[in-house]
Every structure is written in structure tokens, then in C-alpha cells.
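Have a look at the structure below, then the notes.
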Number of protein chains: 4
Amino acid sequence: MKTAFIGLGIMGGRMAANLLGAGYDLVVYNRTEDKATALLERGARWASSPAAAAAGVDVLITMLSTPEVVENLALGKEGFLGALKREAVWVDATTVNPSFSRRMAAAAQARGVRFLDAPVAGTKGPAEQATLTFLVGGDAEVITRCQPLFDVMGNRTVHVGGHGMGTSLKMVFNLLLGEAMQAFCEGMALGKALGIPRDTLLDTLLGSAVVAPFVSGKREMIRRDAYEAHFPLQWMHKDLHLATLTAYERGVALPAANAVKETYALAARHGLADKDFAAIYQFLAEGKAE
Amino acid sequence: MKTAFIGLGIMGGRMAANLLGAGYDLVVYNRTEDKATALLERGARWASSPAAAAAGVDVLITMLSTPEVVENLALGKEGFLGALKREAVWVDATTVNPSFSRRMAAAAQARGVRFLDAPVAGTKGPAEQATLTFLVGGDAEVITRCQPLFDVMGNRTVHVGGHGMGTSLKMVFNLLLGEAMQAFCEGMALGKALGIPRDTLLDTLLGSAVVAPFVSGKREMIRRDAYEAHFPLQWMHKDLHLATLTAYERGVALPAANAVKETYALAARHGLADKDFAAIYQFLAEGKAE
Amino acid sequence: MKTAFIGLGIMGGRMAANLLGAGYDLVVYNRTEDKATALLERGARWASSPAAAAAGVDVLITMLSTPEVVENLALGKEGFLGALKREAVWVDATTVNPSFSRRMAAAAQARGVRFLDAPVAGTKGPAEQATLTFLVGGDAEVITRCQPLFDVMGNRTVHVGGHGMGTSLKMVFNLLLGEAMQAFCEGMALGKALGIPRDTLLDTLLGSAVVAPFVSGKREMIRRDAYEAHFPLQWMHKDLHLATLTAYERGVALPAANAVKETYALAARHGLADKDFAAIYQFLAEGKAE
Amino acid sequence: MKTAFIGLGIMGGRMAANLLGAGYDLVVYNRTEDKATALLERGARWASSPAAAAAGVDVLITMLSTPEVVENLALGKEGFLGALKREAVWVDATTVNPSFSRRMAAAAQARGVRFLDAPVAGTKGPAEQATLTFLVGGDAEVITRCQPLFDVMGNRTVHVGGHGMGTSLKMVFNLLLGEAMQAFCEGMALGKALGIPRDTLLDTLLGSAVVAPFVSGKREMIRRDAYEAHFPLQWMHKDLHLATLTAYERGVALPAANAVKETYALAARHGLADKDFAAIYQFLAEGKAE
């Protein structure tokens, strides 16, 4: 199965490395070539454009940043969608909104290409350790074809429903991710202001019933107040934007998610856009001395 | 050790029952006597007033609803604080704000009574199974004296610091509790509106890294849309009020907690005050058909 | 100057009537023909499609509900944009987001058509009395050409800047409109709960320095708790959605606007979507008896 | 009528000056004596303590910062309440919450002193020009006695109802004040990010139907990005805290007011506590370059 991988950032680079490690014939493309260096040394081939990456492959996987970037690489100048062969599969693992996925599914179908929206649950660590969960929308038959790839990059595949249902469930996951991080950081900020030692807070709260388990992975960041990005704050902001946009389209009210989204917006304005999204703690706790 | 227990609601009734079960000599008081019936049948003695409950005991435990109720029973007409003997201990397990705890500590001290603020982490189930965590503020020596009682009602005691530090950490816990419940219900409401089956949502989200573990205990409520109160929504509203009040006193901003607080306020106005706080799902998801 | 008017709702119907009254040769189109009856009786001609409306006119004005509807009527099947003659002007008076206006300007330009985004400040009353303010983005020369039309439908024209700048300022206006309404209704709900008579509140607050003047026009609605739509709540919700969407695109945080947006979302779910947006008072004040 | 005035800040200093100007025999007290200098030069007498100020006066007026400060000066060491003669009137013009006013009314009554809660609508300018509006709670007969004083310091008196009803209406006013300022600043921040010149925004929005008239008084602050305090941001934060606290007590949801409150909390943490509350514009608009 010839495979192309477009988007070699924090997530995509690690996912592509796992495909290479499993012996897949891989062609890669990224806006900046230097992100591909390590993969090329291990045997991946470089494509000079999205269209060049698409030529002749059975499956093309995209792992990008925003709907706008996906649309541009798929349908823009030298876009890959027109270059895929009929019956090839485009797997979009990017976190996008469901109505965008459905639009891409229709664009693919119009060109005889099969489409799966297959965003992942899990960040940097699970991407490296191949323990991602794929949340997939599309036809069962196409999923079956791609299952070997999912099994190399992750350890769980959930077939949620038709086109757009993978990204639908991903909206829900990221909503929960963003709200859980903010909740924890609000709790820490309050605890700090009340004079509870940081280690007492971390020891008591992390692993407790009221904190989402993923937060334990942020322990050292918060302890040391150093937020090298695993999942950049500006992406979390984008994901909350997409989730609340989707909620609007469906007439759902999300009061807390919108409050969280605006806190990320303020933090981004105040210089934390490129930090890990756990830096929301710094934004809430810094400033005034208690 | 002669012990009095005041406040026999969902939590207090179960905690008092565990003390009785461990053989403690127990006198009880509650605003409405019928809540005491089962305990009296098992050997507890009824006190006709807070002051009567306090007479001669070594330790008096309160598990009440609000700071106003605590203050009234402690310092009001026939209040217990004036009736406690010198060097007796008043353990307030009620969820109150730290500045209130410090005021009660001072009032106790002025009468020669020792004080601990000792609110609990855990709701109905842990209260029954004696797996509560006590978050305690006060002197180490007094805590040591009360440790046997804590060990009968719970399985973990955290000495957070001086007076008010137990309730300080409790503020943080309840903040996290309220935000985690709302986050989950917002995620569920969005998922429902996007057409993801409720069971798929529950199976995928509960137990995942992005959802606080306690939420799994609300699974059946949400599945059946039936919210018999384990932890009434209006208490959660009160706790968020106290947490945000405390944040104001300390100059801390809690944007999401305040948004959550107002959602509970709206839900309470719209008839859900006495339901379990998981009913916030019903409030967010009901209404408009998708 | 031959003119077409598409969109004959609460606003468009009144604006078209003023054009007719001033003697303009007018062709009209609306999704449902019955909205056109009064105009046809007064001399307007009916077009059987958007494209038919566009044929031969010098200026085509749209006053529609959402970007999606505008795009569909302009570029969809029998869309008007392909049917306009070169150098004709399309004036879009709809409240849309600036990035959408810019996309429509580009689509028009590609077909040799001139474009103005010209949303209005003012609702039902000003539309009827021709006291609207037009907030216009586009070339000065094109605005000059259309000025006579603006002068018939309104009494002030602000040339804000290039394409999209009219809708940019309109985003700001509607943001202020939505927040001002919510602020007033929160104030009224609090005052009611505190036992201040409704008339005392209305007399003291309306016309005061702390309340936006337009709110005085909602006095009778709120007094009688009857909210026949002048400006439907669901449109306000849409406008706040577009404003916050635009804020996201520009990296601006709007904490209160998002909180207001979600309150409208909840009110819409609870049955108030088609009421005037002043019905947010009912949503906030109803329920619990004080 | 012998009168005492306690609290000589931005508001109180100007109000006391107007009483002096009208020929009243005035004794003054302030925590820091230097604020009294100008008044003493014009004939006011200095009291060395709150109790000393109260001795022998017919009316004592307080214009302070928080409920805690009022309570301390009234009931604390050398407090004035015990030093007032029977049937003297204590007029509290401080912005406090209604339940606090009712508590003070009861404390006064217990000592044979009459009480009015009489907070004002209007800030620095109206205080100087004696155009304040007094919002008064208490007995009509007592108000009649104090009317000459109100008429010297303001130009309108609204008798809202019994004890606490003046501060009830004041809660509503300040809620509206805080929300209106935030709404305007959010609109300005969005407009700026969209490239609309600041002067265009100010010219179009100020004086329009969607902006509260008081905002026009902030025009120069915002134009010059210089926020010398007329009404310090931290007081607005306090007032929103009291309003939302009161809303909690009455079971009212105020989603936008709470979002605004938290924005002020963040701005205060980030160094703007002592600036005018119009500085919320700076907090929202600064940071990221567009």
C-alpha cells in the first residue's frame, strides 16, 4: 500500500515515523522541508508539492493545523485532490469542524476519491508511542482498507458514523480537553492564592476523582512554570473555536466552553500563543502577589 | 470519647451511622427530627437543641448546608458553641468558605473551644462506604485527637495547614467538581446535537483521559435522564458561589467557574434546583429538537 | 436608475417600500412571494428568480438573513451575480461578517460587477421612517453612484473604508446592541428579584446615563411581557455569532459578548428564538418566584 | 443641622465640599488626614476618630469604599454608631449590598439611631457639580429630614422603598455601568482589530443609540490611552462582586455580569487596578499586533 503523508508537525512527524518503522513505502510533504529531514534519512521520499505527493498513492493522510490549510493543500494550486487516482483514499486526521469534513467528503467524491475524517484522541506522547485513538467517519469498507495504517499509528479505532462523524466526536473530545485544562488551572490558581503549597495541590488533585487523567501529564510543566509546547495554546484556542462554531450551527449553548475560549484568546494576546496550553495556569496565576 | 453529630442529611446521616457502627457514644441533632429516626433506633440519643447536643461531649461534628446555617446553630439562640466544655473540639465538616472558617475558629477560641475545619472530598457513596477524604485545617495536636473519628468515617486525612486551610482546599475541589460536571455535560450536549448516539458518547468519553473519573458515577443518571439527587444542583451552585466569593477576596479570576455558576443558577431557576447536579445535562440538551 | 431588491422581510420590505415611494422603478424577489404583495400592488414588478431580478438593472440590493442565504442567491442555481450586467452595482445590506463581504467583493469583481457592503444601523422603526444609517465599505465612486438610494432609505451614510469595512463596523454595532440588551435585562431581572417595582426600574433606568438609548424602544415589550419580534432573538444570536467569529479571526477576546451569545443560545433552545430579542428579559427573570 | 462627613475620597471630598459651600456646619473624618486639608481650610472641623465625628451631630454621612470598611468605622473600635445621639440619622452613601444595608439598619435601630441607605448614581463630575441622584431606602419621614442635604449634593432623590432598597437599585445601576463599559471596550477592541480608525469608531459609536451616554465622558481617556482614575477599576470590580453576590442571594443568573466581573479581575491582576475602569479597553486591545 503506497502511502503519502502531508503535515509533519508535532503530531504528523511522529505518526509518519511509525508508518516508516512498520515498513510502509512513504512519500511525504510539508510546507517547510526541514521538518522532513529525519524521515528522509530513514527512507521516506520527498514530494515537491501536494500534487506530487498524491501521484500514484493508495492512501493519502493529512495531519494539518486548520480547515483553511487543509482546503488550500487539497484544492488550491498544485492541490493533491485532483492528483489522486480514482478510488484512492484521503484520510484527513486534522482536527476540523464536521461541516468542513462533509464539504471535503463531497469534493473528494466529485473526483472519484474516497474520504475518511479520522482525527485522533491523544497528543504528542501517544503519537510517538502509537497509542492514539482514531475517531473515524465514513464508509465501513473504506475504514477496513485503512485499518492496517490506523493500527500502526494508534491502538484503537472508533467508527462513529458517516462523513463528519469522526470530527464530530473529536469536537467533543477537544471541548473536554480545553475545559478540563482550564478547570484545573483555575483550581490551582485559587489554591495558590489561598496559600496552599503547589506540591500539596498537585499531590492531592492529580489522580483524584475530580481531575481529568491527562492533566497528570502536565505536572512538571506546572511545577516548574515552564511550558514548552506539546499542544500549543493557539491550537487549543482554534479547537475551541471550531467546537463552539459547530455548537452554533446546531443550536447548542456551551457557556463554559465559550468562557474558556475567551480566556485562551486573552492568554494568546498576552504572549502565550506558542506555549503549551497548560500555560493558561501562568496567565491566571501570575500578576498580583497575594 | 463522647461525640455529638449535628446535621443528618445525605452526607451527615451516613457519617453518623458509621460512627454508631464503630461503637461510639453518639448524641444527634437535626432541624427535622425524622431524619434521625434510623440512628435513634440503632442507639443514638436525640438532643432537643444544638446546646443540648453539646453538653458534656468531647467532640462535636457539624455537617450542614451553608455558612449561615452553621453560624445560626453555633452562635444563635440555644447555639452549641456556648454549651461546649473547655477544650472540647468542634469539627466543622460543612463546605464553607475559608474566611468563614477563620471567623468560627476565632469564635471557638474565645470560648476556650478547639476548632478544626474538616470538609470532605467525596459524596453519597464514599460517605456510606467510609471512604471520604478529610481536608483538615487546624492544629496538629487537635487533629491527632480526632483522628480515630476521621478513620471511621473516611480513609484519608490531609492536614493542609492552619485554620481555614481545610476549607481552602475544599473550595478548590468543589470548583473542580462543578467545572468537570459542566464540561462533560457540554460535551454530551454537543455530541447529541451532532447525532452521536448517547451510548457511543458514554462509552467513549467515560473512563477516557479527558473526563474526571467521578463522572462515571453519573452514567446511569444521564443514560436514563433521571436525576435523583446524590449531590443536589443547588448545593453545587452554593459551592461555586463560595469558591468564586473566595477568589474575589484573593483577587483571583475564575472565568470558567463563574460561567458554570451562572449556568447552575439558570438551571435552578428553571426547576432543577433539587435534582442531582448532573441534571445540568438536561438543562443544556433539552429544548430544541435537532 | 433601474433597481432590484431581494429580501422583503421586516427590514427589506420597508426599505423597498421607501424606494417605491420615491418613484424608483423596482423589481423585487423573495423566497416566499406573499411578502411582496403590498409592494406589487404599489407598482413593483415580481421576478421569478434571483437571476430574473438582476437582468438589466443598474443596482441590485440584497437584505437577507445569513451569509449562507446571500451566497446561495448570488452564486447558486439561478443566482443573480452571473445575471448582472457589467458595471452594475450589487449593494449587500445584509448583516454578514467582513471576511464574507470580501469574498463576495472578489466574486463580483471576477464578473465585472461592482460591490458595496452596506449594512444598516437601525431596526424596524428607522427602516420604516427612512432614518437608517448605512455603514458602507467599497470605492468612493461607487458609493457616490448609489447615494441617492441610500438617501431615500436612510438619513446618514458613513463611508468606513474599502470592501468589508462596512460590515466590520456593523459587527461592532451589533455586538454593542446585543450586549446592551442583555445588560439591561440582567439589571431588570436583578431589580425585580430585589423587589423594586417594574415601573420604578423602567422610569429610573431608561433614559439614564447607564443604559443605551435604543432600549427605551423596548419599554412596552418589557412592561407587558409581550415580545412580538421587531428584531428576532435568533437574528441577534446570529449576529453575535458572526461578531465573535470575526473576533476569533482577528485574535480579539470578547468575554462578555460570548457570554451574551450563549445566553441567547439557551433562550432560543427554550422557545424564544422567534420572539424579539428583548425576550431575553423573560428568560432571565422567569422561573423561580422570589 | 450639625453634620458629620466620613470618607473624603474622590466622591466624598466633593460632596463634603458642596455641603460646606452651602454653609453647613461640618465635622469631617478620614483614615488619612491629608485628604481633609482643603476642607479644613474652608472651615470644616477635624475629628480625631469616627466616634469623635459623631458626637452631637444630627446627621452623619458615610461615603466609603467597601462594606468591611463601613462596618469597621461604624461598629469597630471608636466606631461612630455608639457615639451618635438618639434620633440622629446615619446616611450611608457607600455602594454596598442590600443585605449589608439591612444589617446596618438593624444595628442602628438597636441604638436608637435612624438609618438611610442612600448611594448615588453619578461619578466624579456629578459629585463636583452637585448633580448626583440619591437612591434612598428607609422611612419617608427621615428622608424628608435629610432632603436639604441631598439637594445640596445632588439634583434628584428617588425614594425606592424601605431599608436596603436604595442599595438594591444602586446594585442595578452599577451592574449596568460595568456591563456598558465592557461592551463599549469590546466593540472598540474589535473595531480596532478590523482596522477601523479609532476616531471613526469614537465618532460613530459615542452618542449613538447602542452606547450608554456616560461612555462619552470616557472619550478622551480612550483616545489618548491614558486612564487617570475617575472611577478606579478595582471599585468597579468590587461593585460587580457585590451585585453578583446579591444576585446569588436572590437566585438570579447574571451570565454577562459575571463574565465582565472576571475580566475586571484579570485586568486588576495585570496591573490596572488603580486606573479608571475605562482601562478595560487597554486590557482587551493591547498585546497582539493586528
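Things worth noting here:
- A simple spin-label model places pseudo-atoms 7 Å from Cα toward Cβ; at A:Glu228 and A:Glu68 they are separated by 3.0 nm.
- Based on alpha carbons, the Rg and Dmax found for segment D:137-191 are 16.2, 51 Å.
- When the C-alpha to C-alpha distance is required to be over 29 Å, the pairs from D:Lys124/D:Lys261; C:Lys35/C:Lys192; B:Lys192/B:Lys275; B:Lys238/C:Lys218; C:Lys192/C:Lys261; B:Lys261/C:Lys275 that qualify are C:Lys35/C:Lys192; B:Lys238/C:Lys218.
- Cα gyration tensor shape of segment C:121-227, rounded if a/c is under 1.5, else prolate or oblate by comparing a/b with b/c: prolate
- Calculated FRET efficiency for the pair A:Ser49/D:Ser48, C-beta based, R₀ 60 Å, to 0.05: 0.10
- Close amide H pairs (under 5 Å, H built 1.01 Å from N) link C:Leu60 with C:Ala4, C:Val89, C:Trp90, C:Val91, residues at least 5 positions away or on another chain.
- Electrostatic dipole magnitude of the protein assembly as shown [Cβ: Lys, Arg +1; Asp, Glu -1; Cα centre; debye, to 20]: 0 debye
- Point-to-point label distance, C:Glu87-D:Lys85, nm (Cα→Cβ direction, 7 Å offset): 9.2 nm
- Rounded to 5, percent antiparallel among DSSP beta bridges of segment A:116-188: 35 percent
- Over segment C:48-87, the pair-distance histogram of Cα-Cα distances with 5 Å bins from zero comes to 6, 27, 34, 24, 8, 1 percent, rounded to whole numbers.
- On the principal axes of its alpha-carbon atoms, the protein assembly as shown has extents of 88, 73, 50 Å, going from largest to smallest.
- Taking the Cα centre of segment B:229-290 as reference, the dipole from Cβ charges on Lys and Arg (+1) and Asp and Glu (-1) amounts to some 120 debye.
- Förster radius 35 Å - calculated FRET efficiency between D:Thr200 and D:Lys124 (Cβ-Cβ, nearest 0.05): 0.80
- Selection from B:Ala88, B:Thr131, B:Asn72 lying farthest towards where the dipole of segment B:1-136 points positive, charges on Cβ: B:Ala88
- Angle in degrees between helix D:98-110 and the longest Cα principal axis of chain D, rounded to the nearest 10: 10 degrees
- Label sites at D:Ala38 and C:Leu40, each approximated as a point 7 angstrom past Cα along Cα to Cβ, lie 7.2 nm apart.
- A simple charge model with +1 on the Cβ of Lys and Arg, -1 on the Cβ of Asp and Glu and nothing else charged puts the dipole of segment A:83-135 at about 260 debye relative to its Cα centre.
- Ignoring aspartates and glutamates fewer than eight residues from A:Lys77 along the same chain, the ones with Cα atoms less than 16 angstrom from its Cα are A:Glu68.
- Proximal aspartates and glutamates to D:Lys2, defined as alpha-carbon separation beneath 17 angstrom and excluding residues fewer than eight positions away on the same chain: D:Asp25, D:Asp58, D:Glu87, D:Asp92, D:Asp151
- Spatial separation of Cα centroids for segment D:1-51 and segment C:154-217, in angstrom: 39 Å
- For segment D:230-290, radius of gyration divided by Kirkwood radius, i.e. Rg to Rh on alpha-carbons: 1.05
- Residues A:Ala110 and A:Thr131, FRET efficiency given R0 of 30 Å [Cβ-Cβ distance, rounded to 0.05]: 0.25
- Normalised per residue, the volume of the convex hull around the Cα set of chain B (Å³): 132 Å³
- Relative to the longest principal axis of the Cα atoms of chain D, helix D:255-267 runs at roughly 90 degrees.
- Three-way shape label, segment A:65-132, alpha-carbon gyration tensor, a/c 1.5: prolate
- Once the Cα atoms are used to define both axes, helix B:165-193 deviates from the longest principal axis of chain B by about 20 degrees.
- The antiparallel fraction among DSSP beta bridges confined to segment C:55-193 stands at about 20%.
- Amide H within-cut-off set for C:Val113, under 5 Å, with H built and near neighbours excluded: C:Glu87
No value in this document is a laboratory result; all are computed from the given coordinates. The structure presented is a predicted model; accordingly, all values stated were derived computationally and were not measured. When we count neighbours, we look across all protein chains shown, and the Cβ atoms used for this are built from the backbone with ideal geometry, even at glycine.
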